[in-house]
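Let me begin by presenting the structure, written as structure tokens, before commenting on it.
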Amino acid sequence: MKILESLIGSLARLSAAVDPSSDLEIHAEPIDGFEWARLAVGNHSVAILLPASMDSSVPKQDLEHIAIDPRATYQVRSDGSLRNEVVSIVATKGKDGWLITTFLELVAMLLQSAPRNRPEEVEKLVQDLVSLFRTLVQPATKTTQGLWGELFLIRRSADVDLAVESWHTVPNDRYDFSYDRERIEAKTTTGPRVHTFGHLQLLPVAGLRVTIASMVLLPSTDGPTCSDLVSQIAVRLKSDALRNLLVKQVVRTLGNQWQNQGGTRFDLDHASAALKFYDVHNVPRIDGPIPAEVSGISYQSDLQLAKELYADEVDAAAPLTRALMDV
């Protein structure tokens, strides 16, 4: 992502210029393409500087990882000059490596989902950062590997807008993608093509097309992370609203595991070559009636010998399925 690369470059330059003996000043430079926002570095934090709020009633906010002050006075060194400024500031509480990386990733993703050179985006950017950092202390609703698989499907989709619009908005939805009378369930593994299903996921429903996307993933030291996949998807989306939806959904899904997602990478070429689709009718499942007193059943199904679903078997009446199959 170009924005993230720009922020990382700015961070390196600003960090080198900080005087470790002075806690009274911060060094700042504009963010390329978003000159109404500046990245700033001090001895104890990294921050985003924004135009000060004109509303004196807007409160300060103190979260676990960041602090927000809508009207703060700082000594800001920028372009070789030092001056007192009143700014709105969103600052990290410390300079731990994972926190700085997360801060820059989230800022970059939010800026990418915002119109350029729109100072009125200031309030929305602050609100979105607050929302995302609140989410970072919530339990994850899915494994990083599972999320990577879903993002991989979206990334390779022939219609990324439809894929994101159809992506589950409730983490506990029965299926990962839902559009009209279509459902897609994404499954990942790093071993044999054996996946765990909820029994209800495999029960055919009249008039509903359910397709299983099965991915065998290969860990890679230089493959993309979830954050990388988000960036690659975002540049293809047609609207700021969808980009914003994508970012929020991803961070909400990983929650307090976001800081670890940078260590989960898989090979794209292997994932593409090993991707297979199956009609739910052909996935091994338990047949026969289940007692009414029994619920929450899940089990593993081996798809290695199951009949595969091919793109030419899916007609135009199933646009989501075709899009995720890259048709």
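The values are calculated or read from the model by the stated rules, or taken from the named source; none is laboratory data. Keep in mind that what you see is a predicted model, and the values were worked out from it rather than measured. All Cβ positions, glycine included, derive from the backbone under ideal geometry; neighbour counts span all protein chains shown.
For region 239-256, the set of residues classified as more than 25 Å from Val210 (Cβ to Cβ) and crowded, with 19+ Cβ neighbours inside 10 Å consists of Arg243, Asn244, Val247, Val251, Leu254, listed by residue number.
Is it the case, given these coordinates, that Val327 is within 29 Å of the chain's Cα centre (by Cα), part of a loop (DSSP other than H, G, I, E, B), touching a residue at least 24 places away in the same chain (Cβ under 8 Å) and surrounded by 11 or more Cβ atoms within 10 Å (Cβ to Cβ)? When the stated conditions are applied, Val327 passes them.
Please verify whether Glu29 is modelled with pLDDT of 90 or more, among the charged types (D, E, K, R) and within 17 Å of Glu85 (Cα to Cα), treating the condition exactly as stated. Explain how you work it out, then say what you get.
Values: modelled with pLDDT of 90 or more: yes; among the charged types (D, E, K, R): yes; within 17 Å of Glu85 (Cα to Cα): yes.
For Glu29, the condition - modelled with pLDDT of 90 or more, among the charged types (D, E, K, R) and within 17 Å of Glu85 (Cα to Cα) - is met.
The criterion of being closer than 21 Å to Val283 by Cα, assigned to a loop (DSSP other than H, G, I, E, B) and at pLDDT 95 or above does not hold for Pro204. Filtered by the rule that a residue be free of Cβ contacts under 8 Å to residues at least 12 places away in the same chain and of a type in the set (Ser, Thr, Tyr), region 292-309 gives a lone residue, Ser295. Which pairs have Cβ atoms under 7 Å, sit 6 or more apart or on different chains, and link a residue in region 36-65 that is closer than 26 Å to Leu4 by Cβ to one that is among the aliphatic types (A, V, I, L, M) and in a loop (DSSP other than H, G, I, E, B)? The qualifying pairs are Val41/Val18; Gly42/Val18; Asn43/Val18; Glu64/Val137; His65/Leu136.
Scanning region 90-99 for residues that are in contact (Cβ under 8 Å) with a residue 24 or more places away in the chain, of a type in the set (Gly, Ala, Ser) and surrounded by fewer than 19 Cβ atoms within 10 Å (Cβ to Cβ) yields a single hit, Gly94. Screening the candidates Ala52, Ala47 for the property of being in the same structural domain as Ala91 (by TED's automatic domain parsing), modelled with pLDDT under 90 and in contact with a strand residue (DSSP E or B) (Cβ under 7 Å, 6 or more places away or on another chain) yields one hit, Ala52.
Does Val87 satisfy the condition of being under 30 Å from Arg252 (Cβ atoms) and free of Cβ contacts under 8 Å to residues at least 40 places away in the same chain? It would help to see each step written out before you state the result.
Values: under 30 Å from Arg252 (Cβ atoms): yes; free of Cβ contacts under 8 Å to residues at least 40 places away in the same chain: yes.
Judged against the criteria, Val87 is a match.
Residues in region 266-282 include none that are β-branched (Val, Ile, Thr), touching a helix residue (DSSP H, G or I) at 6+ places or on another chain (Cβ under 8 Å) and part of a loop (DSSP other than H, G, I, E, B).
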